[in-house]
């Protein structure tokens, strides 16, 4: 993947969180948390992983 | 005095000393504006992580989100997608802004807008928007502090909380004046550590006492459903559009605030910001669980007259006295850190863009440091007066509106980093339309964060912050096309392609 095109990955978290009908339900629960809640908490982690991947793909040396 | 009160005051006194000592951290003296306002633009990944975390996740958030969950149910969880999306967005544009800011010596977003569009008028409105949005935000930090102080058991000691609010304000103003951005950066280490400890302890203790999460959600649901104005722990179809637009609009607004810009520009290099966009979401996890504490307060049967007391009351209910001292100290520090950064950010806007006192940006005169310091004191004093003189509800409404205002700089600032196609006059027109639309919708709905449209028999609700930004963007695009049709010159652009690379 080229450097520029890897930035498109940053759109994935938007697709995963901006359509509430996808996840506004109670089942299946996890540790007693309804799906609505644990899905969105999980998305925090998934999004951070995606940002890390894009960081790695587009990394440039530190410049001061 | 209880053991909690003693521990509370010992911790607060400790970080105050730290705030003053911060002036000597790494450098012998704070002698220039870059040193005072941006910590010498030299913070590495770890310091920036603590500073930005302490700066963005404020005490008010930690009080207000569980209060919203306690009062309105599932809608409060919009803060989770909001803080999830802020990072991919910021990863995209903030490193680019850092690069040009470093190269051309900018300390504010308005500095960039001035050079990019060659427009003094546009620079002024961008700066004014930042100041207007930040004043009520600082006031709310002070109000959040007061909420906690009322609960520390000061009434038993016959001392009015307002006396401590004044003491807190004076100390905050003094170390901000002396140490600049280094003070909140140093205090943030203590504050963030205590916040993590508090939330982990709360999660270890409270849910098991209340019979587990499944039981907490069931009890919270029955309390919410039985209220005269019923709500739910599950998002309802009628709320989908408001929820998504509230999350997106707030995410776009977060890094436009002066305190976010100041926090980011203090990074040593652009990679520090990019790395932190992957690391800061750890605070969002904290935020998600703190929001859920609002449901715990419902399940614990805590009855409140002021919803903002949900988390403090929950702590008093479940924690031993000494530990509530730690938790409350963490919340008060959570107010002090952002309040200091916010006042510095606003002072920079005043000095650099409104008073135009330091125009030659690459060789800034030493007098500018004195000016910025004095202005930071003025900003803090104004916020203190707002916090004490007006009703908390007014500050909350004003801050809510502040979010819809600050996002109006998105076209000129963020889009401006990538394209010069929008005409400066069109951006001004867009800003006017966006600001008016935001203000009108907020006043019309009695300061709600969502606005209800009805068209062709359908009703749809959307976040005001989002609708007003759309109005701004459409206006800016249409006016640009009109001006192009009349062959109006696009004005000067002082930046060059090399500045961004």
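Counting every other Cβ atom within 10 Å of each residue's Cβ, B:191, B:303 order from fewest to most as B:303, B:191.
Quick check on the stretch B:414-501: what are the equivalent-ellipsoid semi-axes from the Cα gyration tensor, as sqrt(5λ), descending, whole Å? Over the Cα atoms of the stretch B:414-501, the semi-axes work out to 32, 15, 11 Å.
Along Cα→Cβ, 7 Å out, is where each label goes; now give me the distance between the ones at residue B:166 and residue A:11 in nm to one decimal. A separation of 5.8 nm, rounded to one decimal place. The rule of thumb for compact globular proteins, 2.2 N^0.38 Å, goes into the C-alpha radius of gyration of the stretch A:17-64 1.65 times. Grab the beta carbon distance between residue B:367 and residue A:59, set R0 = 41 Å, and tell me the FRET efficiency rounded to 0.05. Taking R0 as 41 Å, the efficiency between residue B:367 and residue A:59 is 0.50. Over chain B, Cα pairs under 8 Å with separation of 6+ residues give a relative contact order of 32 percent.
Averaged over the residues of peptide B:84-93, the number of Cβ atoms from other protein chains lying within 10 Å of each residue's Cβ is 6. Placing one identical point scatterer on every Cα of the stretch B:197-319 and ignoring solvent, what is log10 I(q)/I(0) from the Debye formula at q = 0.10, 0.14, 0.16, 0.22 Å⁻¹? Those come out to -0.46, -0.82, -0.97, -1.25, one per q. Estimated from the Cβ-Cβ distance and a Förster radius of 41 angstrom, the FRET efficiency linking residue B:420 and residue B:45 is about 0.80.
In terms of its C-alpha gyration tensor, the protein assembly as shown comes out oblate, because a/c is 1.5 or above while a/b does not outweigh b/c. Computed over all pairs of different Cα atoms, the Kirkwood value for the hydrodynamic radius of chain B is 23.2 Å.
The calculated 222 nm mean residue ellipticity attributable to helices in chain B amounts to -23500 deg cm²/dmol, summing -39500 (n - 2.57) over DSSP H runs of n ≥ 4 and dividing by all residues. One equal scatterer on each Cα of the stretch B:334-464, no solvent, Debye formula: the resulting log10 I(q)/I(0) at q = 0.11, 0.14, 0.17 Å⁻¹ is -0.58, -0.90, -1.16. Across peptide A:21-28, the mean count of Cβ atoms from other chains lying within 10 Å of each residue's own Cβ comes to 3. Rounded to a whole number, what is D in µm²/s for the stretch B:72-207 from Stokes-Einstein with the Kirkwood radius over alpha-carbon pairs (20 °C, 1.002 mPa s)? Answer from the Stokes-Einstein relation: 112 µm²/s. Radius of gyration (Cα atoms) of the stretch B:216-282, expressed as a multiple of 2.2 N^0.38 Å: 1.72. Across the stretch B:19-125, the fraction of Cα-Cα pairs farther apart than 21 Å, rounded to a whole number, is 57%. Taken residue by residue and averaged, Cβ atoms of other chains lying within 10 Å of the Cβ of A:30-38 number 5.
Bear in mind these aren't lab numbers, they're just calculated from the coordinates by the rules spelled out. Source: prediction; values computed, not measured. Ideal geometry is used to build each Cβ from the backbone, glycine not excepted, and the neighbour counts take in all protein chains shown.
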